[in-house]
Amino acid sequence: MATENESSSPLDITMMLKGQTSACQAARDAIAAGGEVTLFDGLPPQWMVFGIAASRLGWSLKIGLTTLGLDETVEILRARDRDEHLRTGSIVATDRAWFFTLYFDATGTELLACSGVKNERPPRRDAQRLQL
């Protein structure tokens, strides 16, 4: 179970979002607008974090969700050492339109990547049904 860590303030995280991926500016904007920032205490291994991000990318592409920086994040995580442990966090926009995931080194002092997924209904594949 993930728990919230109070060691880094939203201001600290805002300063860390320097352009690692194309989602960083939108994540900064979400924090500035009052988005909810959560850092998780767990330190999962790189292979697990990478696998989750890669699965999220594949699923998002498959169902047509809008993403920011997720493909870049997967490549950044792929290049990390398999045995390395990482810290993660999230930002939920105040209007809940976007959900951002943050990826840190184990100490939580270096932001490696950030990605965003838009909270939207996937487009219907059969949207052009014959209407009577």
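Some notes on this structure:
- Which numbered condition Ile91 fails, given (1) among the aliphatic types (A, V, I, L, M); (2) farther than 20 Å from Met16 by Cα; (3) surrounded by 19 or more Cβ atoms within 10 Å (Cβ to Cβ): (2)
- Residues of region 111-124 satisfying the condition of being under 16 Å from Ile52 (Cα atoms), open to solvent by less than 20 Å² (accessible area, probe 1.4 Å) and either hydrophobic (A, V, I, L, M, F, W, C) or more than 16 Å from the chain's Cα centre (by Cα) (or both): Leu112, Ala113, Cys114
- Taken together, Gly35, Gly108, Gly69 contain a single residue that is closer than 19 Å to Lys18 by Cβ, open to solvent by less than 70 Å² (accessible area, probe 1.4 Å) and modelled with pLDDT under 95, which is Gly108.
- Flag for Leu17 being open to solvent by less than 20 Å² (accessible area, probe 1.4 Å) and at pLDDT below 95: yes
The values are calculated or read from the model by the stated rules, or taken from the named source; none is laboratory data. Everything numeric here is computed off the predicted structure, so don't read it as measured data. We place every Cβ from the backbone using ideal geometry, glycine too, and count neighbours over all the protein chains shown. The accessibility values were calculated without ligands, DNA or RNA, using every heavy atom of the protein model including side chains. Shrake-Rupley method; radii C 1.70, N 1.55, O 1.52, S 1.80 Å.
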